[in-house]
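Encoded as C-alpha cells, the structure appears first; notes follow it.
The values are calculated or read from the model by the stated rules, or taken from the named source; none is laboratory data. Computed from a predicted structure; not experimentally measured. In this analysis, Cβ positions are derived from the backbone assuming ideal geometry, glycine residues included, and neighbour counts consider all displayed protein chains.
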Amino acid sequence: MNPDETFSTQGNLLIIDDEPDNIRVLSALLTQQGYYVRKALNADMAMIAITALKPDLILLDIRMPQVTGYELCNQLKSSPDTYEIPIIFISALNQVEDIIKAFSVGGVDYITKPFKVDEVLARVKNQLTICLLKQQLIAQNQKLLQQNNQLQNEIKTRKKAEENLQTVNRQLQNLASCDSLTSLANRRHFDEYFDQVWKQMIEEQQPLALLVCDLDYFKNYNDHYGHPAGDICLKLVAQALDRSINNSTDLVARYGGEEFAIILPNTDLQGALKVAKTIHQEVQRLKINHEYSRVSSIVTVSIGISYGIPQPNTSPEELLEIADQALYEAKQKGRNQYCVKV
C-alpha cells in the first residue's frame, strides 16, 4: 500500500475491464469495503491512471480489445516502475492453460467469472496484506542494512582509534627509552637492558663485554664551537657508534653528556676489541674539526673495555665500574685509545 495514500485506509485499487457493467459491480463491492477504487476500460486508460497514481493492487480482465490483459500485465512487469504492483486476473476464461498463462506473465492470483463476493474480498485482502508485509520487510531490511553500515563504521572508527592509541603508545615507549638528541637508547633503557642481558648471560654462562666511550676534550669543543655545533657532533658520533656494531642484540646508548656505553652480549675480548677498533675508525672517518683538542685536530674518543662471564654472586654494576676504570686509564695514557680491564 502506498504510504502517502489518503483516499482510503484499506488500499488503492485499479480495475481494468472493457465491460462497464463488470467494472460497476466490482467497483461498488470494493468501495463498500472501504477501498479507494479507480476504473479503466482499456490499456491506454490504465497506463494514464497508473502514471497519475500507482495503485496498490490491479484487478485485470484478460479479454480486452487492442491490448489483452496478458499483454498489459507483461508490459507492467517489464517496467521497474510498475514491476512491484500485484495483479489479480479476473476472467471468464477458466481453462487450465489460461490460468497458467496468467501466472506466467506475472499475475499473483486468478479469479474466474462469475465471481463470488467473499472470494473476491478475501483474495484482494490477502494480496494487500502480502504487499504490506513485503513493504514492511523491505523497510526492516533497509533499517538493518543502515544499522549494519553504522556498526561497520563504528568498528572502523574504533579500530582506527585503537591503531592511533597503539601508535601513541609506541611513540611514548620510544620517548621513554630513546635519547631525544641522538635517537640512541637512553640511560633508562640501558640500565633495563643491561640487567636483562646480565641475567641471561648468567643463565647461559656466556661472555658479556661492555664498552664505555667518551669524546676527548668535548667541553673545549662546546666552549669554542657552541652547543648547537656540539649537538651536531654528538649526533654524528652516535651514528658512527651505531654503525660499529653488527649483532641485533648489541645495544648502543647515550649514557650521559658526551659519554656512550655499548653492551655486547655473547662477546669475548677479541670481539670487544674488534668493535673498539671499528669505533675509532668510524669516528676518524667523520673528520670533525677540533682545533681545541690536545690529542688531535679532529674529534676522537677514548674507550674503556670490560668483559667476563657473569656469575650469580656478581652484579652488572661491577662490570660497569670496571669499564669506567678502563676508560679512566685510557684518558690517563693520553686519550684517543682504548684500554681493557677485567
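Observations on the model:
- Filter pass, Pro207 being over 20 Å from Ser302 (Cβ atoms), in contact with a strand residue (DSSP E or B) (Cβ under 7 Å, 6 or more places away or on another chain) and modelled with pLDDT of 95 or more: yes
- Cβ-Cβ distances below 7 Å connect the following pairs, each with a first residue in the stretch 300-316 that is over 12 Å from Ile262 (Cβ atoms), a second residue that is aromatic (Phe, Trp, Tyr), and a separation of six or more residues or different chains: Pro310/Trp198; Pro316/Phe194; Pro316/Trp198.
- Filter pass, Asp61 being acidic (Asp, Glu), touching an Asp or Glu at 6+ places or on another chain (Cβ under 8 Å) and closer than 18 Å to Leu14 by Cβ: yes
- Complete set of residues in the stretch 159-213 that are farther than 25 Å from Gln325 by Cβ and hydrophobic (A, V, I, L, M, F, W, C): Ala161, Leu165, Val168, Leu172, Leu175, Ala176, Cys178, Leu181
- Matching residues in the stretch 48-65 - criterion: being surrounded by fewer than 20 Cβ atoms within 10 Å (Cβ to Cβ) and either modelled with pLDDT of 95 or more or over 17 Å from Pro20 (Cα atoms) (or both): Ile48, Ala49, Thr51, Ala52, Leu53, Lys54
- Test for Ala261: is it in contact with a Cys (Cβ under 9 Å, 6 or more places away or on another chain) and farther than 23 Å from Asp195 by Cβ: no
- Cross-chain or 6+ apart pairs with Cβ under 6 Å, the stretch 66-87 first and among the aliphatic types (A, V, I, L, M), then not in a loop (DSSP other than H, G, I, E, B): Val67/Ala43; Leu72/Ala43; Ile85/Ile58; Ile87/Ile58; Ile87/Leu60; Ile87/Cys73
- Number of residues in the stretch 136-183 that are in contact (Cβ under 8 Å) with a residue 12 or more places away in the chain and under 24 Å from the mean Cα position of the chain (by Cα) equals 0.
- Checked against (1) out of contact with any strand residue (DSSP E or B) (no Cβ under 7 Å at 6 or more places or on another chain); (2) farther than 24 Å from Glu329 by Cα; (3) surrounded by 20 or more Cβ atoms within 10 Å (Cβ to Cβ), Ser248 passes all but a single condition, namely (3).
- Residue within the stretch 268-276 that is closer than 21 Å to Asp179 by Cα, crowded, with 19+ Cβ neighbours inside 10 Å and either in contact with a Cys (Cβ under 9 Å, 6 or more places away or on another chain) or of a type in the set (A, V, I, L, M, F, W, C) (or both) present: no
- Given (1) within 10 Å of Leu210 (Cβ to Cβ); (2) surrounded by 22 or more Cβ atoms within 10 Å (Cβ to Cβ), number of the condition Val301 does not satisfy: (1)
- Of the residues in the stretch 107-126, not one is within 16 Å of Leu60 (Cα to Cα), outside any strand (DSSP E or B) and among the hydroxyl-bearing types (Ser, Thr, Tyr).
- Checked against the criterion of being under 15 Å from Phe218 (Cα atoms), more than 46 Å from the chain's Cα centre (by Cα) and basic (Lys, Arg), the stretch 278-297 has at least one qualifying residue.
- Filtered by the rule that a residue be touching a helix residue (DSSP H, G or I) at 6+ places or on another chain (Cβ under 7 Å), part of a helix (DSSP H, G or I) and closer than 21 Å to Val124 by Cβ, the stretch 39-81 gives Ala46, Tyr70, Leu72.
- Across the stretch 102-121, the number of residues qualifying as out of contact with any Phe, Trp or Tyr (no Cβ under 6 Å at 6 or more places or on another chain), over 16 Å from Ala28 (Cα atoms) and not polar (S, T, N, Q) comes to 6.
- Yes/no for Ser306 being more than 26 Å from Asp195 (Cα to Cα), modelled with pLDDT of 95 or more and assigned by the TED database to the domain that holds Leu208: no
- Test for Ser248: is it at pLDDT 95 or above, closer than 23 Å to Ala185 by Cα, in the same structural domain as Gly226 (by the TED database) and hydroxyl-bearing (Ser, Thr, Tyr): no
- The stretch 11-38: number of residues that are part of a helix (DSSP H, G or I) and under 16 Å from Met64 (Cβ atoms): 5
- Condition check for Leu215: surrounded by 10 or more Cβ atoms within 10 Å (Cβ to Cβ), among the hydrophobic types (A, V, I, L, M, F, W, C) and in the same structural domain as Val237 (by the TED database): yes
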